[in-house]
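Working notes, structure below.
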Amino acid sequence: MALDGAFLRHIKNEIETLAIGARVDKIHQPSREEFIFSMRSKSGAYKLLMSTRANSSRVHFTKDSPENPSAPPMLCMLFRKKLCGAKLIGVRQPGLERVLLFDFEATNELGDKVLLTVVAEIMGKYSNIILVDDNGKIVDALKRVDFLISSKRQVLPFIKYELPPSQNKLSLIDNSLDEIIEKINKLKDTKSLSKALLETIQGVSPIVCEEIEQKVKLNKDVTLKNELSSLINIVKTYSGVPIMVYDKGRPKDFSFFNITQYEDALSLKKYESFSELLDAFFIERDCIDRMKAKSHDLYKQVSNILSRLRKKVKIQTKEIEQSENKDSLRIFADLINANLHKIEKGAKEVTLENFYDENLKKVKIKLDPMLSAAKNAQKFYKEYRKAKVAKEVLSGEIDKANEEIVYMESVLDSINRAGTENDLSEIKNELVSQGYIKKKKGSGKKQKALPPIEYNLDDNIKVLVGRNNHQNDKLTLKIASKHNIWFHVKDIPGSHTILFADKNFITDDILNKVAKIAAYHSKAKDSSNVPVDYALVKNVKKPSGSKPGMVIYDNYKTLYVTPDKNFIENLGKYL
C-alpha cells in the first residue's frame, strides 16, 4: 500500500483545485476513526474523508456514504460547533511528510473571524486528526497522546501543536538532485538500490523505489540521474498518474508513478483522479471493518451461544455412549435373580453363566455387599430403566440442540453479511423474539423494517434476497407466490432467494444467474462449485414450531455455481 508523501501531495493538489473557498456544510463521524466533511462551493458539493484506520489511513474526496451512528460522538459535536460554516482557505503539507494541514476561516461565539486548522496525520497506526486554534494550540484530537503513551510528543488539549518528528531524509522538493544522488551512492555499497532510495528520499514508498531500481538495472539507456530527475519533476508539477495494480481482479497496490515492474503478472488500471483510486482501493475494506466493529458484541453473543450448544451436545453424546451398556445391566439383574440361591450374603462379586450367550460364557458381576442378592438385582434393573430413559431423553435433547446450532449458524452468517446498522438491529430483534438475548431498556423507537435486497436481471425478471431469517420467512411464505422459484445453497447457511418471472422468460442462463446470487448471499460466497437447490415455492414448507428461516422442501433440482463478486457488482442491487 503506497499512500506516501508524494502521493499525498497529489491529493493535496486535487483538494486545493476543487475545494478552496468551499464552506463546511456538515461534519459526520461514521466510526471512531473517521471524519467526513461535507463541503459546498459554487462549483459543487464535495465529501472530504479523513481516516486514521491503521490499515487504511488517508485523506481524499469520497463518493461513499457510510452509515452514521444515531447519536454523534462528543468530538464530532465539537468539530461541528467550531467548523460548520467555516471556509477552507488553504491546504499545507510540510515537505513530503504524510501530514496535511487544512486552514479554515471560521467565526467564533463572539462573531469574530478566527483561523482554525484541522491536521490530518496519515501515518498508519500513529495516524491522527487534530483541531488546532489560531494560537497554534490543540483544541482536541481524535487520539489523545499523553506522557504514558509517548515521552517525545504529546497531543493533548491546550498544549502547543508540534509536527511529528521528521525522518533524516532528503526532500525531492527542497534538496538538489546532486545531494540526493550523493547520499544514495554512499548507501549503495551495503544496500540494494531500492533500499538506498527508500532510506534517502522523503515521501516515497517501496513500490516507487523498486520501480526505479528495476528500470536502471534492466535498461542500459536508463540512468539513476534521469529517473530521479523525472521523479522530481512529477512531484513538483503534480503530474503523477493515479495507477492501481490488480492481482487476479483484486486491488493490490497503487501509486502516482507509472508501474512496469510486474510486466504481465499483474494488471494495471488508470483512474480519473487520485481520490477515485483511493475510494476504489479502500471502500470495501472500510465497509467490512466498520461492520466488524459495529457487530462485534452481537457476533460475540451468538458465538458464545453456539459454543454452549456445541458443548452441550458433546456432553450429552458422551452420556449416551456411557448408557450404551444398559442391556448388560438388565442381563446382570436377570442372572442374579436366576441364581439367588448361589449368591452368598455380603459377597462383593459373583461369577455366573450367561444363559443369553450361546456359548454360556461366564460373566463377573460386581455387587454391593451391603445389599442382598435380590436387592442387587433390583438395583441393576433400576439403573437399566434409568439408562434407557436417559438415552431417549438425551437423543431428543441432542436433536433439539443440533437444530438450534443450525439456526444460530444461520444467524452468525447473517451478521457476517450485514451491511448496515439496520441489518444488525433486525437480527437483534429476531434473537430477542426467540429468547436468546434480552431487549435493552430504552432501546429507542422501533426502526422501519428493511426491504429485501433486490436485483433486476431484466425488465421482466426480478430477484429478491432475504437479509435475515425473519425476512427469509416473510419473503418465501408471504411475498412469493407458489409459482415463483425458491433458491438456497445446499446444507449451508444463506439467504432465501426468490426468482419472480413468468415461466416463458426463464432460461437455463437465468437459473444459473439466480443460483450465483443465492450462493453469493451465503456462507459459501468465497467458495467454488457451490451446490444451490431450487424448487417452486409451493414445494417449500415450514415445519410447525421451527426456528425463523428454517424450511423443508421437495421436488427440487441442484445447480453447481461459483459466486462471482464482479457479476454481482455489475448486476447492481437496490437496497
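Descriptive notes on the structure:
- The listed residues are Val245, Val235, Val208, and the only one of them that is buried (at least 16 other Cβ atoms within 10 Å of the Cβ), assigned to a helix (DSSP H, G or I), touching a strand residue (DSSP E or B) at 6+ places or on another chain (Cβ under 9 Å) and among the aliphatic types (A, V, I, L, M) turns out to be Val208.
Here is a yes/no grid of residues against (1) at pLDDT below 95; (2) open to solvent by less than 10 Å² (accessible area, probe 1.4 Å); (3) on the phi < 0 side of the Ramachandran plot; (4) over 27 Å from the mean Cα position of the chain (by Cα):
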{"residue": "Val24", "(1), (2), (3), (4)": "no, yes, yes, yes"}
{"residue": "Ser43", "(1), (2), (3), (4)": "yes, no, yes, yes"}
{"residue": "Pro66", "(1), (2), (3), (4)": "yes, no, yes, no"}
{"residue": "Arg92", "(1), (2), (3), (4)": "no, no, yes, yes"}
{"residue": "Leu100", "(1), (2), (3), (4)": "no, yes, yes, yes"}
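- Single unsatisfied condition, Ile492 versus (1) aliphatic (A, V, I, L, M); (2) in contact with a Ser or Thr (Cβ under 7 Å, 6 or more places away or on another chain); (3) under 19 Å from Lys538 (Cα atoms): (3)
- Residue in segment 549-566 that is of a type outside the set (D, E, K, R), open to solvent by less than 60 Å² (accessible area, probe 1.4 Å), closer than 15 Å to Asn484 by Cβ and touching a residue at least 40 places away in the same chain (Cβ under 8 Å) present: yes
Let's see how each residue does on (1) over 22 Å from Ser303 (Cα atoms); (2) modelled with pLDDT of 90 or more; (3) open to solvent by 80 Å² or more (accessible area, probe 1.4 Å):
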| position | (1), (2), (3) |
| --- | --- |
| Ser433 | no, no, no |
| Lys445 | yes, no, yes |
| Lys448 | yes, no, yes |
| Tyr455 | yes, yes, no |
| Val463 | yes, yes, no |
| Thr476 | yes, yes, no |
| Lys482 | yes, yes, yes |
| Lys490 | yes, yes, no |
| Thr497 | yes, yes, no |
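Residue-by-condition table, conditions (1) closer than 30 Å to Asn402 by Cβ; (2) open to solvent by 20 Å² or more (accessible area, probe 1.4 Å):
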residue	(1), (2)
Lys270	no, yes
Ser275	no, no
Asp289	no, yes
Gln316	yes, yes
Asp327	yes, yes
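- When segment 410-429 is limited to residues that are in contact with a Phe, Trp or Tyr (Cβ under 9 Å, 6 or more places away or on another chain) and open to solvent by less than 30 Å² (accessible area, probe 1.4 Å), the one that is farthest from Ser546 (Cα to Cα) turns out to be Ile415.
- Near pairs, Cβ below 9 angstrom, 6+ apart or cross-chain, from segment 466-478 (without any contact (Cβ under 8 Å) to a residue 12 or more places away in the chain) to any residue that is open to solvent by less than 30 Å² (accessible area, probe 1.4 Å): Lys474/Pro452; Lys474/Gly466
- Residue match in segment 354-361 (condition: touching a residue at least 24 places away in the same chain (Cβ under 8 Å) and either of a type in the set (Ser, Thr, Tyr) or in contact with a Lys or Arg (Cβ under 8 Å, 6 or more places away or on another chain) (or both)): yes
To keep it simple, each residue is scored yes or no on (1) farther than 18 Å from Gly419 by Cβ; (2) in a loop (DSSP other than H, G, I, E, B); (3) of a type in the set (A, V, I, L, M, F, W, C).
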residue: Lys482; (1), (2), (3): yes, yes, no
residue: Asp491; (1), (2), (3): yes, yes, no
residue: Val532; (1), (2), (3): yes, no, yes
residue: Pro543; (1), (2), (3): yes, yes, no
residue: Pro548; (1), (2), (3): yes, yes, no
residue: Tyr560; (1), (2), (3): yes, no, no
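The values are calculated or read from the model by the stated rules, or taken from the named source; none is laboratory data. Remember, predicted model here, so these are calculated numbers, not experimental data. For neighbour counting, all protein chains shown are included, and Cβ atoms are generated from backbone atoms with ideal geometry for every residue, glycine included. Surface accessibility is based on the protein's heavy atoms, side chains included, excluding ligands, DNA and RNA. Shrake-Rupley method; radii C 1.70, N 1.55, O 1.52, S 1.80 Å.
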